[in-house]
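For reference, the structure is listed below as structure tokens.
The values are calculated or read from the model by the stated rules, or taken from the named source; none is laboratory data. A quick note: this is a predicted structure, and the numbers were derived from the prediction, not measured. Note: ideal-geometry Cβ built from the backbone for every residue, glycine included; neighbour counts use all protein chains shown. Just the protein is used for accessible areas: all its heavy atoms, side chains included, with ligands, DNA and RNA removed. Shrake-Rupley method; radii C 1.70, N 1.55, O 1.52, S 1.80 Å.
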Amino acid sequence: MQKERACLAIILAAGDGVRMRSAKPKVLHGIAGRAMLEHTLAAAAEAGAEAYALIVAPGGQELVSVARKIVPPIEPFVQTRRLGTAHAALAARAAIERGYDDVLILFADTPLVRSETLRNLRGPLERGAAVVALGFEPADPTGYGRLIEQDGRLAAIREHKDASEAERGISLCNAGLMALDGRRALSLLDSISDVNAQGEFYLTDAVAAARARGWECSLSLAREDEVSGVNDRVQLAAAEAIMQGRLRESAMRGGVTMVDPASVFLSWDTRFGRDVVIEPHVVFGPGVSVADGAVIHAFSHLAGAQVGAGASVGPFARLRPGAHLAEKAKIGNFVEIKAAEIGAGAAISHLSYVGDATVGARANLGAGTITCNYDGFDKRRTEIGEGAFVGSNSSLVAPVRIGEGAYVGSGSVITRDVEPDALALARGRQVEKPGWAKAFRADRRSKK
Ligand code: UD1
Ligand code: MG
């Protein structure tokens, strides 16, 4: 039903973020593998927004480029002077004027908010409310705006710095995010003044402004762990921990076994089939999918990789972007795979580097097999046929092809293609001199 209501999301991101002490804009710092700004935009999109206005400070082009990756039609607006949250929202005047049913105002530095919460925030607009505030009860309310109720209805929001002692005793606080009725939003925002303790145009004053006109204001509730903002790196780490907790829980509820969930780090987009087992101390960078029944052993690091059903990875394995393991492939300890297709049932069990390669089904690469894929200028491919057997400590100098079912003798440096079912040996021939060592020792001793 809400889908039919046109919704404009205004994302405030003109803050300076000095407490991050960073050369990078605050909202581009990452949580679970993507920027805070991206999380906020994705939640807005899932909550049914159809248009987006991004409020940035002068020079905020980088934010706009990142935002476009998530919601391409986003419209940037520059807030030249930082005069408060209502002033920031008004920077999007041209977008609001186009006329939407709902206007959702979000903070880019509040990345943990869930789309359900945003949907709930929009809900009362449909029933006639002019303003919907998001309330929560923080452990420590210091610094937050307080929600003032009269006769059981939301009457005003008082900023901490403007609040009386009695008002500061209120535990119900303003999370900051707000939903406004699209037809009344501009007149409300335009009526807000900057006569207050901070000399700022407070978005929060939209509540009292609406009530003064007899318009309904409503309250929606959120948990503290959804609305905590990120201002410094300590809060960034706290937000990361909350996000990791959610991702782990959803993986486990989806049928993943985690022996020690607290030591497994996931990305926002990590995907799992059923009956995947993840041992302790595993890190998933962005872009990983793990199919049914696969096992990721301890101390492995995966990014941009696909792990097929029943495959086994690690312990101590590294799968880099473009590593695609077919079903029941086995990648063992101290093995690194990059941009390589590893066929069904193929085994690379120990101490190998396989990059820019195709490894056929059931091939076996012995300990220490290295694909020499880079000459300092170009990357070249290695192709290993089905059922091939590469002996330990072999170097495969790309471009090179090992035919199906071929053998490569241990310690070989293979520079030319090997035919299917052949044996290739490319190493020094063994020479043996009987009794040489004994004679040598006798000679040296006689000279001492
Ligand atoms: C705001 C709320 C407060 C609430 C708190 C929750 C107001 C007036 N107060 O206060 O009731 O309890 O959030 O965290 O809204 N921004 C701009 N341009 C500006 C000012 C702010 O883009 O001119 C952006 C900031 O980058 C930030 C967001 O708006 O993302 C909120 O601003 P901030 O200064 O953090 O507001 P608070 O004082 O925390
Ligand atoms: Mg704040």
| task | Using +1 at the Cβ of each Lys and Arg and -1 at the Cβ of each Asp and Glu in segment 302-448, identify which of 310, 391, 329 lies farthest towards the dipole's positive end. | result | 391
| request: Please work out, to two decimal places, the log10 of the ratio I(q)/I(0) at q = 0.09, 0.16, 0.17, 0.18 Å⁻¹ from a Debye calculation in which every Cα of segment 1-148 carries one identical scatterer. | output: -0.27, -0.90, -1.02, -1.14
| request: Could you give the size of the charge dipole of segment 125-172 about its Cα centre, using +1 on the Cβ of each K and R and -1 on the Cβ of each D and E, expressed in debye and rounded to the nearest 20? | output: 100 debye
| message | Could you report the chain's accessible area per residue, 1.4 Å probe, as an integer in Å²? | response | 47 Å²
| remark: Here segment 369-384 yields Karplus 3J(HN,Hα) values (6.51, -1.76, 1.60; θ = phi - 60°; whole Hz; Gly and Pro given as x) of 6, 10, 8, 8, 9, 9, 10, x, 10, 10, 9, 10, 9, 10, 10, 10
| message | At 1.4 Å probe size, put 159, 126 in order of accessible surface, largest to smallest. | response | 126, 159
| said: Just to be sure I understand the model, the point goes 7 Å from the Cα along the line to the Cβ. What's the resulting residue 187 to residue 410 distance in nm? | reply: 8.7 nm
| query | Remind me, relative contact order of the chain in percent, using alpha carbon pairs under 8 angstrom and six or more residues apart? | reply | 9 percent
| Nitroxide proxy distance, nm - points 7 Å out along Cα→Cβ at residue 316 and residue 62 | 3.7 nm
| request: Give me the percent of the accessible area of the chain that comes from carbon and sulfur atoms, probe 1.4 Å, all protein chains in place. | output: 51 percent
| query | Any idea what the dipole of segment 321-385 comes to, in debye rounded to 20, about its Cα centre with Lys/Arg Cβ at +1 and Asp/Glu Cβ at -1? | reply | 160 debye
| said: As a test of the definition: which semi-axes, in Å, follow for segment 216-317 when you take the square root of five times each eigenvalue of its alpha carbon gyration tensor? Largest first, please. | reply: 30, 16, 11
| remark: Compactness check, segment 258-325: C-alpha Rg relative to the 2.2 N^0.38 Å globular estimate gives 0.93
| request: Lys and Arg at +1, Asp and Glu at -1: add these up for the other residues within a Cβ distance under 12 Å of residue 192 and post the number. | output: -4
| query | Using a Gaussian network for the chain with springs between C-alpha atoms less than 10 Å apart, which of these wobbles most: 312, 349, 187? | reply | 187
| remark: Karplus ³J(HN,Hα) for segment 152-169 (6.51 cos²θ - 1.76 cosθ + 1.60, θ = phi - 60°; Hz, whole; x = Gly/Pro) runs x, 10, 5, 10, 6, 10, 10, 5, 3, 5, 9, 7, 6, 4, 4, 5, 5, x
| query | Using only the Cα atoms, what convex hull volume per residue in Å³ does the chain have? | reply | 222 Å³
| query | What FRET efficiency comes out for the pair residue 442/residue 334, r = Cβ-Cβ distance, R0 = 56 Å, nearest 0.05? | reply | 0.85
| query | Which translational diffusion coefficient, to the nearest whole µm²/s, is obtained for segment 280-417 from the Stokes-Einstein equation, given a Kirkwood hydrodynamic radius over C-alpha pairs, 4 °C and 1.567 mPa s? | reply | 90 µm²/s
| task | Using a 1.4 Å probe and ignoring any ligands, DNA or RNA, find the accessible area of residue 374 and quote it in Å² to the nearest 10. | result | 130 Å²
| Accessible area of residue 7, 1.4 Å probe, to the nearest 10 Å²? | 0 Å²
